[in-house]
Amino acid sequence: MATPEATGFPCALTLNVPFPDSRLASVALQALRVDKELSPLVTRELSTVAAEGATDQTVLRVVYKAATNRMLRVAVNSFFDSLALVLEVMEELDVDVIEARQKQEKTT
Amino acid sequence: MTVDITSKPRRIALGCEGSANKLGIGVILHEGTPGTPSERITVLSNIRHTFVSPPGTGFLPKDTARHHRSYFVRLAKQALAAANVTIDEIDCICYTKGPGMGAPLTSVAIAARTLALLWGKDLVGVNHCVGHIEMGRAITGAAHPVVLYVSGGNTQVIAYAEQRYRIFGETLDIAVGNCLDRFARALAISNDPAPGYNIEQMAKKGKVLLDLPYAVKGMDCSFSGILTRVEEMAALLKKGELKGPEGEEVTAEDLCFTLQETVFAMLVEITERAMAHVGSNQVLIVGGVGCNERLQEMMGAMARDRGGSVYATDERFCIDNGIMIAHAGLLAYETGFKTPIEESTCTQRFRTDEVLVKWRK
């Protein structure tokens, strides 16, 4: 396999984002992998993997490779912005959360 | 989701819009048989929040995207509560695919995808311009109008023919709303609630009509040269060196009046020419600039002379909103259209005539 140095993308970073279950990890994967990286100097691979000693794929793994550290920082920062939005939507607007809120509104 | 959508008596869509500085989320209800006069349309909720930049500045993609990300959840909650619907009742999630600014579009698309995946709903990508047109038609009841679509990012004269919204004329450079917005920056006119609104109010007090270039080129028009000239005049005004045709004092209000009269006259001219071409006497004005009452008045005078009338909506539906995306998306969804998650990208350029309008005859 080609090393990052050999491909001209010497700056690399791997993120592992743990989710409560595999459903949410899969939703994050599908929502975030659609938009391509805008710069040709950055590559990104997203996948879900199992946590150590587990079988369920509850961890979102993101592997960034970039030509310079600056490109890497910009791309990863932007990814974190998007990830934060996905997490907020999950926390506040998932089916069970909304149903619980609607039930509460009816009783009060 | 195996239920045939066309046979459902009640169909509900949630729409998410964020192609420019407004974030909008709305819920729409369609009842009756799709594509027939029996189809009834009800707006269940229409919530919007605008990113307003300080006077003298415009909205930048990065800041606008941050605004949309931070308000999305709040607006979605408000839209759901106002619509009083359960997730079960919603059939699809619609989002703006383009045209618009890349970063704001993408931020809303990410949230829309997440919702569709969490709720197990289909996703529908919508052309922003088609959203404006369909919402304008639904609200005004204009059946077969020539459409003038005027906003901060778009200026087009459109007529429907054979399942496409065909562009008859358009701007050759910047949009008319962009011309107005940037003129507002030159005079540091407030962007709250919108620069165009404040120009409109000031123009009402203007009296002196100054000379500006008039740039209609066949069916198209151009606004960048006019902007350059009016910016020069704004600079002279600030120095107190701008004089009227008879050497009289000129105010910022006069400059607002002059700019509006000139660019709106151009828009009326190309719209009239398109009406003559297609033999229609209805004009529908959509887009943010479309809520300008002076433009509506000038267009109305022209339409009356041709024995027709002008159709326009107020700021709830003219200015970018989520409900128009929900409505146009649901129309497409009722014909079987959907956007697979893996293809749910955004695009800054997405022309009005690229969309197959399957829901019209």
query = When you look at A:Val76, is it modelled with pLDDT of 95 or more and touching a Lys or Arg at 6+ places or on another chain (Cβ under 7 Å), yes or no?
reply = no
Exactly one of A:Ala75, A:Ala66, A:Ala25 is more than 13 Å from chain B (Cβ to nearest Cβ), open to solvent by less than 60 Å² (accessible area, probe 1.4 Å) and over 20 Å from B:Leu105 (Cβ atoms), and that one is A:Ala66
Is there a residue in the stretch B:117-136 that is within 14 Å of chain A (Cβ to nearest Cβ) and crowded, with 24+ Cβ neighbours inside 10 Å? yes
Within the stretch B:71-86, residues part of a helix (DSSP H, G or I), facing another protein chain (nearest Cβ under 9 Å) and open to solvent by less than 60 Å² (accessible area, probe 1.4 Å) come out as B:Phe72, B:Val73, B:Ala76, B:Leu80
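Just to be sure, is B:Met266 modelled with pLDDT of 95 or more, open to solvent by 10 Å² or more (accessible area, probe 1.4 Å), away from chain A (no Cβ under 14 Å) and assigned to a helix (DSSP H, G or I)? Let's see the steps before the verdict.
Details: modelled with pLDDT of 95 or more: yes; open to solvent by 10 Å² or more (accessible area, probe 1.4 Å): no; away from chain A (no Cβ under 14 Å): yes; assigned to a helix (DSSP H, G or I): yes.
It is false that B:Met266 is modelled with pLDDT of 95 or more, open to solvent by 10 Å² or more (accessible area, probe 1.4 Å), away from chain A (no Cβ under 14 Å) and assigned to a helix (DSSP H, G or I).
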By residue number, the members of the stretch B:315-361 that are of a type in the set (Asp, Glu) and either open to solvent by 70 Å² or more (accessible area, probe 1.4 Å) or within 14 Å of chain A (Cβ to nearest Cβ) (or both) are B:Glu315, B:Glu342, B:Glu343, B:Glu354
Residue set B:Gly290, B:Gly300, B:Gly247; condition in a loop (DSSP other than H, G, I, E, B) and not basic (Lys, Arg); output residue B:Gly247
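With a cut-off of at least 2 residues that are in contact with a strand residue (DSSP E or B) (Cβ under 8 Å, 6 or more places away or on another chain) and open to solvent by 20 Å² or more (accessible area, probe 1.4 Å), name the strands (runs of 3 or more DSSP E) lying wholly within the stretch B:140-233.
Numbers: elements: B:146-150, B:155-161, B:164-170.
Result: B:164-170.
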If we keep only residues of the stretch B:95-116 that are closer than 13 Å to A:Val34 by Cα and within 7 Å of another protein chain (Cβ to nearest Cβ), then the residue surrounded by the most Cβ atoms within 10 Å (Cβ to Cβ) is B:Ala111
Does the stretch A:37-44 include one or more residues that are within 9 Å of chain B (Cβ to nearest Cβ), part of a loop (DSSP other than H, G, I, E, B) and at pLDDT below 95?
yes
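Being β-branched (Val, Ile, Thr), outside the structural domain of B:Ala20 (by TED's automatic domain parsing), touching a Gly at 6+ places or on another chain (Cβ under 6 Å) and modelled with pLDDT of 95 or more, is that true of even one residue in the stretch B:247-255?
Going residue by residue through the stretch B:247-255, those that are β-branched (Val, Ile, Thr) are B:250-251.
Filter again for outside the structural domain of B:Ala20 (by TED's automatic domain parsing), leaving B:250-251.
Narrowing further to those that are touching a Gly at 6+ places or on another chain (Cβ under 6 Å): B:250.
Those left that are additionally modelled with pLDDT of 95 or more: B:250.
Yes, there is a match, as at least one residue in the stretch B:247-255 is β-branched (Val, Ile, Thr), outside the structural domain of B:Ala20 (by TED's automatic domain parsing), touching a Gly at 6+ places or on another chain (Cβ under 6 Å) and modelled with pLDDT of 95 or more.
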(Q) Would you confirm, using the coordinates I've provided, whether A:Leu87 is surrounded by 15 or more Cβ atoms within 10 Å (Cβ to Cβ) and within 13 Å of chain B (Cβ to nearest Cβ)? (A) yes
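The values are calculated or read from the model by the stated rules, or taken from the named source; none is laboratory data. None of these values were measured; they are calculated from a predicted model. Cβ atoms come from the backbone with ideal geometry, glycine included; neighbour counts cover every protein chain shown. Quick note on the areas: whole protein, heavy atoms, side chains included, nothing else; ligands and nucleic acids left out. Shrake-Rupley method; radii C 1.70, N 1.55, O 1.52, S 1.80 Å.
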